[in-house]
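Single-structure report; data block below.
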Amino acid sequence: LIGEDRRDKKSVFLLTLLYTVFAYGAAATFILGLITRILFYAGTPAPLKIALTPAPTNIIGAIFRVAGEVLFFKSLFKGNKWTWFGSYVFHGTLLLVILRHFRYFLYPVPSWIMDIQTIGVYAGYIFPLFILYLFVRRTTVDRMLFISSVADYFVLLLLFAIAFTGFLLSDYTRPYLVDIKAFTLGLMTFKFHAIPTEPLFLIHFSLVLILLVYFPFSKLVHSCGIFFSPTLHQIDDCWKKRHINPWDTLKRH
């Protein structure tokens, strides 16, 4: 029995070490990859004035225009109401689910995080349904099917797998949450604790880490790229200020 106990402790230690390295590697890839993409977007010159009309004529208008796209998906609403509805609910429930999970990484937990726990639970039920909605849309609407790639389906399937395993963890297997929070807080504070060995939790956690690694190299980075879209943030002032092509100022070798 003593030998079996030692083997169990060694297995848990090796599993904890593996997932600790995986978690830090995924976080580093996510942060560095995202910074690299943002710097690339910020450094890309805009050779032409290509703001969509009617465009704002001052910086305040440009800020409100970008904010309208980020918060309300205004262009999508004008284009297709059903697509807007599905996409808006998808993003809204995803945000609530992410915020709800903050309780595993913070101590003490802010009161506003605790206040949204109930609505976050319901969002977790709705979220996978709208992933399926977007998947069906991609496979049944001709124009979406034409422009969709394997990467688009992979992201939706990955998000669905994360949502489904999270649903099972919440409503069926119910691992010991104290152990999960001890492990996640240990990652945040570099005070390491043994990882819970519940198989479904390990699958769920692994899928989340895979998403973090994949995020900066996928279309998901549009969540940052939208702030650098010249069609949205450019000011329509070419009638009073000449737009100089940045490429014209580069030194030619």
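The values are calculated or read from the model by the stated rules, or taken from the named source; none is laboratory data. Everything numeric in this text was worked out from a predicted model, so none of it was measured. Please note: Cβ atoms are built from the backbone with ideal geometry, for glycine as well, and neighbour counts cover all protein chains shown. Only protein heavy atoms, including side chains, enter the accessible area calculation; ligands, DNA and RNA are left aside. Shrake-Rupley method; radii C 1.70, N 1.55, O 1.52, S 1.80 Å.
In segment 11-51, what count of residues is obtained for those that are over 26 Å from the mean Cα position of the chain (by Cα), at pLDDT 85 or above and open to solvent by 50 Å² or more (accessible area, probe 1.4 Å)?
Residues flagged as over 26 Å from the mean Cα position of the chain (by Cα), at pLDDT 85 or above and open to solvent by 50 Å² or more (accessible area, probe 1.4 Å) within segment 11-51 amount to 3.
Identify all residues within segment 164-174 that are closer than 22 Å to Phe215 by Cβ and free of Cβ contacts under 8 Å to residues at least 60 places away in the same chain; write none if there are none.
Phe164, Thr165, Phe167, Leu169
Quick check, is Tyr107 in contact (Cβ under 8 Å) with a residue 40 or more places away in the chain, surrounded by fewer than 16 Cβ atoms within 10 Å (Cβ to Cβ) and under 19 Å from the mean Cα position of the chain (by Cα)?
In short, no.
Restricting to helices (runs of 4 or more DSSP H) lying wholly in segment 100-152: which have 3 or more residues that are modelled with pLDDT of 90 or more?
111-115, 117-140
Here are some conditions: (1) free of Cβ contacts under 8 Å to residues at least 24 places away in the same chain; (2) part of a helix (DSSP H, G or I). Lys191 meets all but one. Which one does it not meet?
(2)
Going through segment 118-149 one residue at a time, which ones are in contact (Cβ under 8 Å) with a residue 12 or more places away in the chain, under 16 Å from Trp82 (Cα atoms) and hydroxyl-bearing (Ser, Thr, Tyr)?
Tyr133
Any idea which residue in segment 64-93 is surrounded by the most Cβ atoms within 10 Å (Cβ to Cβ), counting only those that are in contact (Cβ under 8 Å) with a residue 60 or more places away in the chain and of a type outside the set (D, E, K, R)? If you could, list the steps in order and put the result at the bottom.
Let us first name the residues in segment 64-93 that are in contact (Cβ under 8 Å) with a residue 60 or more places away in the chain, namely 65-66, 69-70.
Next, from what is left, pick out any that are of a type outside the set (D, E, K, R): 66, 70.
On the way: Val66: 17, Val70: 13.
Per the stated criteria, the residue is Val66.
State which residue is nearest to the chain's Cα centre (by Cα) when the search covers only segment 148-175 and only residues that are within 18 Å of Ile98 (Cα to Cα) and of a type in the set (Val, Ile, Thr).
Applying the filter and picking the extreme gives Val155.
Evaluate the following for Leu211: is it modelled with pLDDT of 90 or more and aliphatic (A, V, I, L, M)? Working first, answer last.
Numbers: modelled with pLDDT of 90 or more: yes; aliphatic (A, V, I, L, M): yes.
In short, yes.
Evaluate the following for Lys219: is it out of contact with any helix residue (DSSP H, G or I) (no Cβ under 6 Å at 6 or more places or on another chain), surrounded by fewer than 15 Cβ atoms within 10 Å (Cβ to Cβ) and modelled with pLDDT of 90 or more? Reasoning before the result, please.
On the way: out of contact with any helix residue (DSSP H, G or I) (no Cβ under 6 Å at 6 or more places or on another chain): yes; surrounded by fewer than 15 Cβ atoms within 10 Å (Cβ to Cβ): yes; modelled with pLDDT of 90 or more: yes.
So Lys219 passes the test.
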